[in-house]
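Read through the structure below, which is laid out as structure tokens, and then see the notes.
The values are calculated or read from the model by the stated rules, or taken from the named source; none is laboratory data. In this text, all values refer to a predicted model and were calculated from it rather than measured experimentally. Note that each Cβ is placed from the backbone with ideal geometry, even for glycine, and that neighbours are counted across all protein chains shown.
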Amino acid sequence: MLYGLNNFFKKILPKRLFYRSLLIVAAPIILLQIIITVVFFDSLWIKANKGMTRSLVNEVKTLFEIYNDNKNNKEEILDIYNKNFDFVVRVKENQIFPSEIPERWYSPMDRSLRRELKSVFGESYWFDTITYKEKVDLRIKYKNGILQISFPKHKIAPSSARIFALWITLPGFLLIFIAIVFLKNQTRPIVNLAKVAEKFGKGEFVKEFKPSGAKEIRQATYEFERMRKRISIHLNQRSEMLSGISHDLRTPLTRLKLQLALLKQQDLAKKMGDDIEEMERMLNEYLEFSRHQKTEETEMTDLNIFVEDILKKYEGKNIKINLEENSKINIRPNSIKRCLVNLLDNALSYGEKVEVITKKTVNNLLILIDDNGPGIPENEYQNVMKPFYRIDKSRGQNKSGVGLGLSIANDIIRSHGGNISLEKSPMNGLRVKVSLPF
């Protein structure tokens with residue numbers, strides 16, 4: 001039961017820090033106002049309303065009893081009440097109560113008046129508090145007619161209720177407004193830090209981020225900035241080291257090529273030349289794999305136009321495209337181009353037909369590349385993402401590949417904050433599913 005209750009509160013409570021903090025601040029203020037209002041309404045307003053209503057009904061009762069006594073001068077009595085009690089009293093002969101009885105069941109004033117009148121006059125009364133804004137129309141059965149009495153509403157309803165409602169509401173709204181402004185200023189640095197972390201996670205270039213906000217938030221921002229700089233330095237050092245390795249390895253390979261050109265045994269020279277070319281190809285692909293994360297400015301790109309430009313390279317190939325509109329995304333164009341070229345080259349190497357599809361979901365843009373080749377066993381989906389891994393089946397017999405195509409593509413997409421997954425294609429081959437957040 002407690003587990004279910006806990007899940008229920010998790011579902012209805014706000015998810016964002018700002019709204020949760022606002023709820024923590026605003027809930028006690030609202031609860032306190034409700035308690036004060038209930039206490040005031042019950043102990044002061046209602047009791048005052050009852051006392052004023054009882055006093056008025058007693059005045060009406062006195063008037064009715066004096067007027068009902070034939071010994072008294074009725075006209076003089078009416079004049080005295082109209083003058084001194086703020087009443088307007090009329091006697092209407094041969095009239096009955098109106099058929100409509102306007103009632104406000106939610107009004108404490110109506111309930112109190114009805115209760116006091118019923119205890120004195122039974123069912124021989126009728127009143128209306130709706131027709132006139134500031135007056136109450138009271139009618140009491142008198143012989144063959146009615147005794148009509150009009151009096152101001154303030155005689156039975158204390159005027160302090162409106163003033164109290166104003167003073168209890170305005171300060172509450174003012175306090176909540178101040179809390180909103182304060183909480184907005186406190187949560188803004190956290191939101192900014194989250195945005196910067198998201199951009200950095202997607203591989204986008206992040207400028208120097210200035211810490212702000214409370215001490216704890218500044219400390220978190222400072223540590224994040226230190227971590228970002230360490231990672232950037234590490235990536236730069238790796239790129240510089242690989243550039244040196246490239247220079248050092250290509251020089252001896254070039255000398256080997258020259259020596260093989262002078263070798264008289266051409267059969268041996270050809271075999272050794274093929275091995276050297278494979279070594280160069282492996283070296284180049286490895287360097288591309290390690291160097292593609294080099295700093296490149298991100299650009300807002302229309303993915304459909306971007307894909308169409310890439311596919312111009314494959315004119316004459318059996319490639320079908322199905323692109324969804326409104327697919328703009330912030331990417332590093334050169335890196336994504338290399339990723340898609342690798343995936344398309346793989347698809348065309350093993351299949352005769354290829355289909356490229358783009359789709360837009362709530363938070364991601366999807367690029368689907370299907371082929372009708374032999375596919376990959378499901379238990380190998382994770383392994384083929386590893387560098388230099390090649391399966392010993394029909395899909396792995398690519399003469400020019402060294403097992404880095406999917407690894408490079410996966411690394412590029414992950415640096416954008418996305419992911420690549422493999423599944424069976426509707427064309428009975430392999431489907432590569434690229435997901436990029438926007």
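Of 337, 317, 313, 359, all but one fail to be in a loop (DSSP other than H, G, I, E, B) and either under 18 Å from residue 422 (Cβ atoms) or in contact (Cβ under 8 Å) with a residue 12 or more places away in the chain (or both); the exception is 317. Checking each residue in the range 65-112 for being within 16 Å of residue 157 (Cβ to Cβ), modelled with pLDDT under 80 and in contact with a helix residue (DSSP H, G or I) (Cβ under 8 Å, 6 or more places away or on another chain) picks out 86, 104, 108. If you go through the range 375-402 and keep only what is at pLDDT 80 or above and either over 15 Å from residue 429 (Cβ atoms) or in a helix (DSSP H, G or I) (or both), you end up with 378, 379, 380, 382, 383, 384, 385. Take the residues in the range 316-347 that are small (Gly, Ala, Ser) and more than 29 Å from the chain's Cα centre (by Cα); name whichever of them is farthest from residue 363 (Cα to Cα). Here the answer is 316. Could you list, in sequence order, all residues of the range 221-232 that are surrounded by 16 or more Cβ atoms within 10 Å (Cβ to Cβ) and within 19 Å of residue 188 (Cβ to Cβ)? Those that are surrounded by 16 or more Cβ atoms within 10 Å (Cβ to Cβ) and within 19 Å of residue 188 (Cβ to Cβ): 221, 224, 225. Hey, can you tell me all the residues within the range 202-219 that are surrounded by 13 or more Cβ atoms within 10 Å (Cβ to Cβ), at pLDDT 75 or above and among the small types (Gly, Ala, Ser)? Residues satisfying the conditions are 212, 213. I'd like to know if the range 113-120 contains one or more residues that are modelled with pLDDT of 85 or more, surrounded by 14 or more Cβ atoms within 10 Å (Cβ to Cβ) and over 60 Å from the mean Cα position of the chain (by Cα). Among the residues of the range 113-120, at least one is modelled with pLDDT of 85 or more, surrounded by 14 or more Cβ atoms within 10 Å (Cβ to Cβ) and over 60 Å from the mean Cα position of the chain (by Cα), which makes the answer yes. Scanning the range 413-438 for residues that are in contact with a strand residue (DSSP E or B) (Cβ under 9 Å, 6 or more places away or on another chain) and in a helix (DSSP H, G or I) returns 413, 414. Taking the criterion of being more than 19 Å from residue 306 (Cβ to Cβ) and either among the aliphatic types (A, V, I, L, M) or over 32 Å from the mean Cα position of the chain (by Cα) (or both), the residues of the range 349-369 that qualify are 349, 350, 351, 352, 353, 362.
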